[in-house]
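Q: Just dropping this structure here.
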Amino acid sequence: MEKDIVNIGKSVVIKGELNGSEDLTIEGHVEGTIQLREHVLTIGPNGRIKAQVFAKSVIVLGEVTGNVTASDKVDIRDNGSVDGDIISPRVAIAEGAHFRGSVDMQRKGGAPAQPAKPAVAPAAAQPAASQPAAAPQAPAAAAQAPQGAPAGQRASAPSGR
């Protein structure tokens, strides 16, 4: 299967809506909206984007001003710059990259995230840890020191000795 890749050279300026069904590398200037929902968008080192971006994967080596939404990954490489919000399940920001905005890393399947929350909820042992502050339960708290919050338990154990 041949993979189509389109290049927009550094002398090219596009204003408006850019849609495509192939991978795209931008070295020029684009203002408006870029939609490559099932493909990879690469902003080259000379690329200057002022747009809302929607793609499967976005690789930034140049400058992007605007929000970036990717269904797979956003990768801001060394010397790359993004001023805007990122929505993607995977985000990589290299050392030397610039980023100003917020990141939302929601996964597509909300179901796997929900079982993880009940797994966190059994940390209700913390309220139980607040009860061992009572004097009769202090020995039980010392027995739970390896499982509970060790710092707090260690502080009470030396005072009990």
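The numbers here are math on the coordinates, done by the rules we state, and not lab data. All figures in this text were calculated on a predicted structure; none of them were measured in a lab. Methodologically, a virtual Cβ is constructed for each residue, glycine included, from the backbone with ideal geometry; neighbour enumeration extends over all protein chains shown.
Q: Please count how many residues of the stretch 45-76 are part of a loop (DSSP other than H, G, I, E, B) and surrounded by fewer than 19 Cβ atoms within 10 Å (Cβ to Cβ).
A: 3
Q: Related question: All but one of (1) assigned to a loop (DSSP other than H, G, I, E, B); (2) touching a strand residue (DSSP E or B) at 6+ places or on another chain (Cβ under 6 Å); (3) among the hydroxyl-bearing types (Ser, Thr, Tyr) hold for residue 11; which doesn't?
A: (2)
Q: Checking the structure you have, find out if any residue of the stretch 85-102 is without any contact (Cβ under 8 Å) to a residue 40 or more places away in the chain, of a type in the set (A, V, I, L, M, F, W, C) and out of contact with any strand residue (DSSP E or B) (no Cβ under 6 Å at 6 or more places or on another chain).
A: Among the residues of the stretch 85-102, at least one is without any contact (Cβ under 8 Å) to a residue 40 or more places away in the chain, of a type in the set (A, V, I, L, M, F, W, C) and out of contact with any strand residue (DSSP E or B) (no Cβ under 6 Å at 6 or more places or on another chain), which makes the answer yes.
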